[in-house]
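Read the structure below first, then the notes.
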Amino acid sequence: MWQQINLFWMQLATREQRMLGLLGVFGVAVLFYALLWQPLQQQHSAAQQALLSAKAQWEWLSGEVQAHPRQTDAAARLEVKTASQLIAHLQKSLREAGLQPFMETMTPNQKGVSVRFARVPAPALTRWLSQLEEYGLVSHQLRLVALGSGLVEAMVQFEVAN
């Protein structure tokens, strides 16, 4: 095979060899552009657009946070020192928020209380967490699994203040 190609090449005139060489270089350049350079450029442009979008969202969110300062009453802040106080407050707030039917378990552990929800409406859950935060009770850990159509499976870990 190589002998036939080499024989064909030797039969060509010098001018034809140069033209085929230039055509080969041009073909390699076109393949390089089409297979490597252009896809990389497109990915780079898409990444830059995503970055600009994320920056715009961040700037908007920062402006909204500054426009709506946190208004918490120092007297309304809740101090829980034991797991039983924490459980009592969580159960009361779950009842008030209408989330108790969605609660799967409430388990005390060494550091605090773990609350697990199955198929809870995400907006109601986030409202409940926001209300707890207004009282100074912030979750230590939160795991959410989207189940679709506004429902989530959630695990929220609260800790007792030392």
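The values are calculated or read from the model by the stated rules, or taken from the named source; none is laboratory data. In this text, all values refer to a predicted model and were calculated from it rather than measured experimentally. Reconstructed Cβ throughout: ideal geometry from the backbone, glycine too, with neighbour counts over all protein chains shown. Accessible surface areas use protein heavy atoms only, side chains included; no ligands, DNA or RNA. Shrake-Rupley method; radii C 1.70, N 1.55, O 1.52, S 1.80 Å.
Considering only Val28, Leu90, Leu129, and ranking their Cα positions along the charge dipole of the chain that arises from unit charges at the beta-carbon of Lys, Arg, Asp and Glu, the one farthest toward the positive end is Val28.
Using C-alpha pairs under 8 Å with a sequence gap of at least 6, the mean separation divided by the residue count of the chain gives a relative contact order of 18 percent.
A convex hull fitted to the Cα coordinates of the chain yields 253 cubic angstrom per residue. Straight-line cross-link reach from Lys55 at under 17 Å between alpha-carbon atoms covers these aspartates and glutamates, not counting any fewer than eight positions away in the same chain: Glu64. Here the alpha carbons of segment 1-65 define both size measures, Rg and Dmax, at 24.9, 78 Å. Here the chain is assigned +1 on the Cβ of each Lys and Arg and -1 on the Cβ of each Asp and Glu. Its dipole about the Cα centre then comes out at about 240 debye.
Proximity of backbone amide H atoms, modeled 1.01 Å from N, is registered between Val80 and Ala161 at under 5 Å, excluding neighbours fewer than 5 places apart on the same chain.
Within the assembled protein chains, the solvent-accessible surface assigned to Lys55 is about 110 Å², based on a 1.4 Å probe. Axis of helix 122-134 versus longest Cα principal axis of the chain: the two differ by about 60°, to the nearest ten degrees. The residues of segment 74-162 expose on average 61 square angstrom of accessible surface per residue, using a 1.4 Å probe on protein heavy atoms. For the chain, with all protein chains in place and a probe radius of 1.4 Å, 59% of the accessible heavy-atom surface sits on carbon or sulfur. When the charge dipole of the chain is built from unit charges on Cβ atoms (+1 for Lys and Arg, -1 for Asp and Glu) and taken about the Cα centre, the candidate among Trp37, Ala54, Ala67 whose Cα reaches farthest toward its positive end is Trp37.
Computed from phi, the 3J(HN,Hα) profile of segment 47-57 under the Karplus parametrisation 6.51, -1.76, 1.60 (θ = phi - 60°) reads 5, 5, 5, 5, 5, 4, 5, 5, 5, 5, 5 Hz, with x in place of Gly and Pro.
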